[in-house]
Each structure stands twice: as C-alpha cells, then as structure tokens.
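**Student:** Okay, here's the structure, questions in a sec.
The values are calculated or read from the model by the stated rules, or taken from the named source; none is laboratory data. Quantities reported herein were computed from a predicted structural model and do not represent experimental measurements. In this analysis, Cβ positions are derived from the backbone assuming ideal geometry, glycine residues included, and neighbour counts consider all displayed protein chains. All accessible areas refer to the heavy atoms of the entire protein, side chains included, with ligands and DNA or RNA removed. Shrake-Rupley method; radii C 1.70, N 1.55, O 1.52, S 1.80 Å.
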Amino acid sequence: MAPSTFCIQRETRRSFLRSGNLTLENPHTTVCSPQSIPQFVGKAILEFDPDEVCGPNLALYIFASALILLFITGSVLAWRKRSWLNYKCFHLRLLIIGYYELEDAREHQDYRYDLNIIFPDEDEAWVLGEFLVDVQEHLPDFLRNRIVCGDDDLPLGGTRYDAIDRVIENSFKNLVIISKESVNDANYLMTLQLALAHMNDVQLENVVMVFREDIPDNQLPYLVRLFLSKNKPYFQWTEERYQQMLFWEGLTKTLRGNKKMNGLLPL
C-alpha cells in the first residue's frame, strides 16, 4: 500500500472512530495488516500517530523550490547573455547543418573590384573612419586598392554616374549602407537602383544591405522594401560586442560567396 493511500485510509478510520459513541474491541490486538507500510505492519492501530508519515514531504518541497529557482535563474542568465548564446548557436548551426547554396564559380579575384561600398554622403565619416577599417580587418584578402568607397575611389573619365555604373558592373559585391540620412538622398537612391538593376542582369546575389540603425518600415524607400521582401541578404549594425561578432561572421560569409539568384526583382 502506498504511503499516501495508507494515510488517507488511516486518518479516515481514526476520524470515524471519533465521530460517535463507538468502542473498538481489543484495541491493542487490532493490528495493521501485512499490506500496510512496512514500518507499521503488526502494530496496534491506535498505538501510533499517522502524522508521523502523513506530514508534509519537506524533501519534495525543497527540491521543487530549488528547481523553480534554478529555472528562473537560468532564464535570467540566458536573457542577459542572449547575444553570446546567439553567437555560439550560429557556429553550432554551421557545424551541424552547414549551408548548401547554388554558387557561381567566379571569385572576387575574377572581378576588377572586390567590393563597392554605397552610402549616403552624411555617413561618409563613419564609413571611412570605422566601417571600412573593420571590413579590411575581417576581409584581409579584399585589398584596399580593390575596394571602392566614396567618390574619391571612382575611376576617372566620363560622368559621375558612368563611373558609378562601371564600378557596379565590375564589382564582386556591392555593399549598401542604409541609414535615416539615405531615405531622402536622391543620388544615393539612384545608385541603389543601378546596383539592383545590375543584380537582375547578372542574376547573382551581389548586393548586400547593412542597416546602420533601426528605421520604421513605412519610412524605408520602396527599393529597400522590395529588396527585403525577396529575402535578399541584409544585416543590422550594432555596437554590442557579441552581436557585432555575429554581424561580422554573417557578413564576411555572405561577401565571400557568389550565390545565384532564385528570382528577379520587379524593378
């Protein structure tokens, strides 16, 4: 007999005996049967207090409380270290699942330029002073003389838009910086349109977007929203340490690949 069942039956019997003018004959010879809890087998039914075994299970309460506390503590730590966990999960996913993509055989050495960075004029100081330095650190094989970053790196001859068009057509990747300043920059949006049109022509995922800051969806230019709606590659810039490590892991992998498109943009 289980302890809980015994407790219920034992207490019921004691309550029944106390409920009326009842007399138990031979109380000292009325003993617990062999089916009772081992420690009470053979004992007189009125010689012990069932509360000895029917009291609260302190061990169970302590274990349950510790388990709840451990779960809360683990949840708080996981939330505070979510960036680190996300970074580690990224590597674990690469190790277990990997990536299967249909890629073009050409690599960045087969193009005139390794990278063309497109950005609005207001972001020039940040791009040249910080972002470009990080690009060269994480992509050391992308040589500086093969990276076009701003008007000073454009080839000579012809108009500015002719030079921009030549760079876009001869770049392995076109990296587009998106910020609030870019929303109303007509020259910038024209360059973005040239890059997306060229991507349609060659049918390669050679345009990658980097959001420098959060921008409400209703404020994004149409071309950017169209690009995102087709599941094209984009990344969110951040200053947080582990998030930035994850950012560069994903961005460098995308910039090194030459994935083929699975659908054209309706420009």
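**Student:** Starting from the Cα of Lys259, draw a straight line to each of the lysines and keep only those under 21 Å, dropping any in the same chain fewer than 8 residues away.
**Tutor:** Lys173, Lys230, Lys232
**Student:** Next question, about the same structure. Starting from the Cα coordinates of the range 111-267, work out the convex hull volume and express it per residue in Å³. Display every interim value, and only then the final one.
**Tutor:** Values: hull volume 17.7 nm³, N = 157.
Cα convex hull per residue, to the nearest whole number: 113 Å³.
**Student:** Another one. Name the lysines eligible as straight-distance cross-link partners of Lys88: C-alpha to C-alpha under 23 Å, and not fewer than 8 places from it in the same chain.
**Tutor:** The qualifying lysines are Lys253.
**Student:** Using only the Cα atoms of the range 134-195, what do you get for the radius of gyration and for Dmax, in Å?
**Tutor:** Expressed in Å, the Cα Rg and Dmax of the range 134-195 come to 12.6, 34.
**Student:** On each of the three principal axes of the Cα atoms of the range 87-202, give max minus min coordinate, whole Å, ordered largest first.
**Tutor:** Over the range 87-202, Cα extents along the principal axes are 49, 31, 25 Å.
**Student:** Please list 3J(HN,Hα) in residue order for the range 147-152, calculated via the Karplus relation 6.51 cos²θ - 1.76 cosθ + 1.60 where θ = phi - 60°; whole Hz, with x for glycine and proline.
**Tutor:** 3J(HN,Hα) across the range 147-152, in whole Hz: 10, 9, 9, x, 5, 5.
**Student:** Taking the Cβ of Glu181 as the centre, find all other residues whose Cβ is under 12 Å away and add up their charges (Lys, Arg: +1; Asp, Glu: -1). It would help to have the intermediate numbers written out before the result.
**Tutor:** Working: positive: Lys180, Arg212; negative: Asp121, Glu122, Asp123, Glu124, Asp185, Glu213.
Around Glu181, the charge tally is -4.
**Student:** Rolling a 1.4 Å sphere over the protein heavy atoms, what is the accessible area per residue of the range 79-181, to the nearest Å²? Don't skip to the answer; put the middle values down first.
**Tutor:** Working: 6170 Å² over 103 residues.
Ligands and nucleic acids excluded, the result is 60 Å² per residue.
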